[in-house]
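Please read the structure below before turning to the comments.
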């Protein structure tokens, strides 16, 4: 092997070694160091559903997705490195789905916060209950057939979009901001605890004893709010 050949070969090996050294940390960082739970609940013959999401700790995002693919609920739950995901499904005409993130009494240090990313079949009439102890929540129910929503949240900021088809919603938070979006055309009744005011009110809402109302030509939304320290804002979309 002459000098030129040895030089080229040595340079190539060095280049490959450097590329491998750079790629190794990137590949390692791309791999989760905690479990993912893949959620896929078949719709079966269900004509409606009760969905319970008990987040415990972490961020939850729930959105609607077009139905027709045979799935009622689908998504990924990154439960962090200190939780486990428990699930329960009761098939039938009234489908029951319950997902719960459990945190041990003495968890390891959580390096990456848990993150729930779920999609609900938009054409499936549903009652949705969300419980969260610590974490943020985005419930984007635009385009869905959710007729009843209950949010019981502890610490964190929360953003809720109520569906165009009308709904009864009870939203309760203990510490953090709560932003609720209602359709521009909806008939809305907002119930508030005594002494509590909204920090932001869209045009067209009228203050009445116990809350606010707005006339409209769309579906009806009955909204009951109870919030601790933090902003409480009503908005339209």
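Failed condition for residue 227, given (1) under 18 Å from residue 141 (Cα atoms); (2) buried (at least 16 other Cβ atoms within 10 Å of the Cβ), with all others met?
Going through the list (1) under 18 Å from residue 141 (Cα atoms); (2) buried (at least 16 other Cβ atoms within 10 Å of the Cβ), residue 227 breaks only (1).
Is it the case that residue 226 is assigned by TED's automatic domain parsing to the domain that holds residue 183, more than 21 Å from residue 165 (Cα to Cα) and free of Cβ contacts under 8 Å to residues at least 24 places away in the same chain? Even if it seems obvious, please write down each step before you answer.
Values: assigned by TED's automatic domain parsing to the domain that holds residue 183: yes; more than 21 Å from residue 165 (Cα to Cα): yes; free of Cβ contacts under 8 Å to residues at least 24 places away in the same chain: no.
Criteria not met by residue 226.
Specify which of the listed residues (55, 79, 51) is under 27 Å from residue 101 (Cβ atoms) and modelled with pLDDT of 95 or more. Working first, answer last.
Values: 55 fails: modelled with pLDDT of 95 or more; 79 fails: modelled with pLDDT of 95 or more.
Among 55, 79, 51, only 51 is under 27 Å from residue 101 (Cβ atoms) and modelled with pLDDT of 95 or more.
Can you tell me how many residues in segment 47-79 are in contact with a strand residue (DSSP E or B) (Cβ under 7 Å, 6 or more places away or on another chain) and at positive phi? Steps first, please.
Looking only at segment 47-79, we keep the residues that are in contact with a strand residue (DSSP E or B) (Cβ under 7 Å, 6 or more places away or on another chain), and these are 48-65, 67, 70-79.
Right, trim to at positive phi and you get 56, 58, 70, 75.
Going through segment 47-79 one residue at a time, the tally reaches 4.
Quick check on residue 136: is it surrounded by fewer than 17 Cβ atoms within 10 Å (Cβ to Cβ), out of contact with any helix residue (DSSP H, G or I) (no Cβ under 6 Å at 6 or more places or on another chain) and at pLDDT 95 or above?
Working: surrounded by fewer than 17 Cβ atoms within 10 Å (Cβ to Cβ): no; out of contact with any helix residue (DSSP H, G or I) (no Cβ under 6 Å at 6 or more places or on another chain): yes; at pLDDT 95 or above: yes.
Spelling it out, it is not the case that residue 136 is surrounded by fewer than 17 Cβ atoms within 10 Å (Cβ to Cβ), out of contact with any helix residue (DSSP H, G or I) (no Cβ under 6 Å at 6 or more places or on another chain) and at pLDDT 95 or above.
The conditions are (1) within 20 Å of residue 63 (Cβ to Cβ); (2) buried (at least 20 other Cβ atoms within 10 Å of the Cβ); (3) at pLDDT 95 or above, and residue 143 fails exactly one of them. Which is it?
(2)
For residue 127, all conditions in the list (1) modelled with pLDDT of 95 or more; (2) buried (at least 18 other Cβ atoms within 10 Å of the Cβ) hold save one; what is the number of the exception?
It is condition (2) that residue 127 fails.
With the condition kept exactly as written, say whether any residue in segment 183-205 is under 22 Å from the mean Cα position of the chain (by Cα) and surrounded by 17 or more Cβ atoms within 10 Å (Cβ to Cβ). Let's see the steps before the verdict.
The first filter runs over segment 183-205 and keeps only residues under 22 Å from the mean Cα position of the chain (by Cα), leaving 183.
Restricting the remaining residues to those that are surrounded by 17 or more Cβ atoms within 10 Å (Cβ to Cβ) gives 183.
Yes, there is a match, as at least one residue in segment 183-205 is under 22 Å from the mean Cα position of the chain (by Cα) and surrounded by 17 or more Cβ atoms within 10 Å (Cβ to Cβ).
Tell me which of these residue 164 doesn't satisfy, since it passes every other one: (1) crowded, with 16+ Cβ neighbours inside 10 Å; (2) in contact with a strand residue (DSSP E or B) (Cβ under 9 Å, 6 or more places away or on another chain).
(2)
Pick out the one residue from 148, 131, 189, 174 that is in contact with a strand residue (DSSP E or B) (Cβ under 7 Å, 6 or more places away or on another chain) and closer than 23 Å to residue 78 by Cβ. Please lay out each step first, then the result.
Working: 148 fails: closer than 23 Å to residue 78 by Cβ; 189 fails: closer than 23 Å to residue 78 by Cβ; 174 fails: closer than 23 Å to residue 78 by Cβ.
That would be 131, the only listed residue that is in contact with a strand residue (DSSP E or B) (Cβ under 7 Å, 6 or more places away or on another chain) and closer than 23 Å to residue 78 by Cβ.
The values are calculated or read from the model by the stated rules, or taken from the named source; none is laboratory data. Fair warning: this is a prediction, and the values are worked out from it, not measured in the lab. Please note: Cβ atoms are built from the backbone with ideal geometry, for glycine as well, and neighbour counts cover all protein chains shown.
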